[in-house]
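Scroll down for the structure; my scribbles are underneath it.
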Amino acid sequence: MLNRRLLRSKAVQALYASRISADANLQLAKDEIAAYYVPDLNSMQPQNLEKLEGLKRLALLTLDEYVENGQPASDEQVPREVIQTAHRAYQNFVQQNKVDRPLVVKRVLQETEGIYDEFLRILALMLELAHQSELDRERIVRNPDNPFPTASGLNDNEVVRLMRADTELEVEIIRRGISWGNDMSIVRKTYREALCKDEDYINYCEQPAHTPEEDQKMAQHVLRNVILKHEIPVEHFEQNDLYWEEHFDIIRSMSIKTLRSANDGKIQLAQLTEDWDEDRFFVEELFKKAVENDAEYEGYILEQLKNWDLDRVALLDMIILKAALAELIHFPGIPVKVTINEFIEIAKRYSTLKSGSFVNGNLDRLAKRLAETGVIRKSGRGLIDNK
């Protein structure tokens, strides 16, 4: 169910998080230098505040040179102590970046794998709603002012019965720690205010028996129009999953596919991906190549944008362009047009209103120029759009 666009967006998210982390690490390096040149208030010796301030500024400039070029400018007038202080701060900056980068990739991959947990949570909510239906129908004392039909209920639905009897689903829910135990108020509220007020469900419950087609239709209806659409459960999902909107289409597709699989007395759980190792490698490699070749890609982009006001170029747009270049150059089996179209859509969804057209025009020209100079070389399926 995972698609490459989502995987590309995860790589872009990791690159963006890595950039924000690097900026924070650079500020820590600057704070380290500033702390080194703070006057010693406990010293009995007079402090030359002007000199300390000058050394601090010189060390900060030297740090900038380290960050920009990997070494300071050859200026014999810079005191050795200043160079050593800047170098020490720079080394700490580089080391912390090395620590942070794999962590941000690991985090986005965990978020991606978490889609499967949310899918199971959706199915578990349907089972909880069926249980509420069962309890409601067994109730001896009923509200005479608001009678609810009990000829049948969600707990009688054949699709739900197969879900409740499915060992694989039960094991997966237990193994991954999926539970509505701490959120039963949401379950009950969804049952009372969403499911039991749904006209289609009320009509369903008025009939004592249903065909397999009717059961499938109702299971799909509860999934699509109650669990995944009503404001009560949806608000809960949005609060508990930062990426709910981004992951929604995949979760929905997996859930629908699972319900539709009900046949011959069993169901088949939809899988998040056919090859998670391959998907994980794609994200990791795209991130890795973009980081390793950041300076090279920036050079290509700056050459392309030489007539632009760079201060007006969104940071995320630059990151998207670099990720796209990493794919264009290092994934020869992916057609150029596929890469360009995918990253245009990512720019439209995650960046500014004008980012789609910005990425479109500049990435298209970059791809043509780099293909002409032999930087981009496609093979196999990657040649399809070049014919």
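The values are calculated or read from the model by the stated rules, or taken from the named source; none is laboratory data. None of the values given here were measured: they were computed from a predicted structure. So basically every Cβ, Gly included, is an ideal-geometry build from the backbone, and we count neighbours across all protein chains shown.
Please give the helices (runs of 4 or more DSSP H) falling wholly within the stretch 190-259 in which 1 or more residues are closer than 18 Å to Trp180 by Cα and of a type in the set (Phe, Trp, Tyr). Walk me through how you get there before you give the answer.
Details: elements: 199-205, 212-221, 231-240.
Correct list: 231-240.
Would you please list the contacts, defined by Cβ atoms under 6 Å and residues six or more apart or on different chains, that run from a residue in the stretch 138-155 that is at positive phi and assigned by TED's automatic domain parsing to the domain that holds Pro208 to a residue that is surrounded by 10 or more Cβ atoms within 10 Å (Cβ to Cβ) and at pLDDT 85 or above?
none
Please enumerate the residues belonging to the stretch 288-325 that are within 18 Å of Arg101 (Cβ to Cβ) and among the hydroxyl-bearing types (Ser, Thr, Tyr).
Tyr297
Just one of (1) modelled with pLDDT of 95 or more; (2) under 26 Å from the mean Cα position of the chain (by Cα); (3) in a helix (DSSP H, G or I) trips up Ile334, so point out which.
It fails just one condition, (3).
Of the residues Leu120, Leu109, which single one is surrounded by 15 or more Cβ atoms within 10 Å (Cβ to Cβ), within 16 Å of Ile227 (Cα to Cα) and not polar (S, T, N, Q)?
Leu120
Which of the residues spanning the stretch 71-110 are more than 30 Å from Ser9 (Cβ to Cβ) and under 30 Å from the mean Cα position of the chain (by Cα)?
Asn92
Counting just the residues of the stretch 157-214 that are touching a His at 6+ places or on another chain (Cβ under 6 Å) and without any contact (Cβ under 8 Å) to a residue 40 or more places away in the chain, which one comes out surrounded by the most Cβ atoms within 10 Å (Cβ to Cβ)?
Out of the qualifying residues, it is Ala194.
(1) among the hydroxyl-bearing types (Ser, Thr, Tyr); (2) surrounded by 17 or more Cβ atoms within 10 Å (Cβ to Cβ); (3) over 25 Å from Val283 (Cα atoms): which one isn't true of Ser74, the others all being true?
Just one mismatch for Ser74, condition (2).
Of the residues that make up the stretch 104-111, is at least one modelled with pLDDT under 95 and of a type in the set (Val, Ile, Thr)?
No.
Return the pairs, sorted by first residue and then second, in which the second residue is surrounded by 12 or more Cβ atoms within 10 Å (Cβ to Cβ) and among the basic types (Lys, Arg), the first residue lies in the stretch 79-102 and is under 20 Å from Ser18 (Cβ atoms), the beta carbons are less than 8 Å apart, and the residues are 6+ apart or on different chains.
These pairs meet every condition: Ala89/Lys30.
Return yes or no: is Glu134 touching a residue at least 40 places away in the same chain (Cβ under 8 Å), outside the structural domain of Ala24 (by TED's automatic domain parsing), among the acidic types (Asp, Glu) and not in a loop (DSSP other than H, G, I, E, B)?
no
If Gly177 meets every condition in (1) in a helix (DSSP H, G or I); (2) of a type outside the set (Lys, Arg); (3) at positive phi apart from one, which number is that one?
Single failed check for Gly177: (1).
Conditions (1) free of Cβ contacts under 8 Å to residues at least 40 places away in the same chain; (2) crowded, with 20+ Cβ neighbours inside 10 Å, marked per residue:
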position: Gln239; (1), (2): yes, no
position: Trp244; (1), (2): no, no
position: Ser255; (1), (2): no, yes
position: Ser261; (1), (2): yes, no
position: Asp264; (1), (2): yes, no
position: Leu269; (1), (2): no, no
position: Glu274; (1), (2): yes, no
position: Arg280; (1), (2): no, no
position: Glu285; (1), (2): no, no
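Being in contact (Cβ under 8 Å) with a residue 60 or more places away in the chain and over 14 Å from the mean Cα position of the chain (by Cα) is the filter here; which residues of the stretch 111-120 pass it?
Asp117, Phe119
Restricting attention to the stretch 335-357, report how many residues are surrounded by fewer than 20 Cβ atoms within 10 Å (Cβ to Cβ) and either assigned by TED's automatic domain parsing to the domain that holds His247 or aromatic (Phe, Trp, Tyr) (or both).
Looking only at that region, the number is 1.
Can you spot a residue in the stretch 29-50 that is β-branched (Val, Ile, Thr) and surrounded by 18 or more Cβ atoms within 10 Å (Cβ to Cβ)?
Yes; the residues of the stretch 29-50 include at least one that is β-branched (Val, Ile, Thr) and surrounded by 18 or more Cβ atoms within 10 Å (Cβ to Cβ).
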